[in-house]
Amino acid sequence: MTTSLPLEEAAEGFATLADRLYGGDSFEGVYDAICKAAVDVVPGCDRACITTMVAGGQPQTEASTDDIARRIDELEWEVREGPCVDAMLSDRFECDSDITRSSAWPRLARLVVAETPVRGMVGYRIRVGERKVGALNVFSDTPGALTPEGAAVGAILASFASVALTAAAQNEDVRNLRTALSGNREVGKAAGLLMATHGIDDSSAIALLKTASNELNVRLSVLAADMVSDHNERVELGGASV
């Protein structure tokens, strides 16, 4: 489990993720790499899974770090509530860092506490192009370990997942897939900051960045890098607004 990892340091974890992703360009490889990366780069994360909707609108766990994460995914769909259900069916984002208290998902919380060591959960929507295809679930065994900063890193990771899966869907080769993620690293970080700070989805965050880029006549990657740098300076000075 990663207990403390500032956003600027998380970039190193994403670089490692890029190396993991490009042993192959299959969906299965991307799903597995994203789940493993969540444990490495999201503060407070002990386990993770990715769920998609398959033919007939049925949920399917595509990858998980362990059986506990997979079991919680099953429980979510049995009771039809939880971070994954919210992300996939209603586009809602919610982080519950301590499900032993007044949880947003009371039926799920009771089952998870009874059957597993997990005490905190958050879910993020994943898209392939314009299609909403699934969700990344992040779980913590420690109450309160999933902080707002950790949730922001998770949002960035979900943005990376969308980029990687879109590339895989388009059958890009390993080199092009690597370039796609590398070129979007700062953009993904900036989008994640906007999502976490303003409570907007990934499409809205990217749209805001593109609009600002056009109006300021500044390349998107440069604008994103400046935004992330500014955020880091604010954090160092004691503020956290974006």
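We did not get these values from a lab; they are worked out from the coordinates using the rules stated. In this text, all values refer to a predicted model and were calculated from it rather than measured experimentally. Every residue, glycine as well, gets a Cβ built from its backbone with ideal geometry; the counts of neighbours run over all protein chains shown.
Summary of computed values
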| item | result |
| --- | --- |
| In sequence order, calculated HN-Hα J values of the stretch 138-151 (Karplus, 6.51, -1.76, 1.60; Hz; x Gly/Pro) | 10, 10, 10, 8, 10, x, x, 6, 7, 8, x, 5, x, 5 |
| Cα-Cα separations in the stretch 94-153 greater than 13 Å, expressed as whole percent | 62 |
| Order of S221, S140 under a 10 Å beta carbon neighbour criterion, fewest first | S221, S140 |
| Nitroxide proxy distance, nm - points 7 Å out along Cα→Cβ at D226 and T147 | 2.9 |
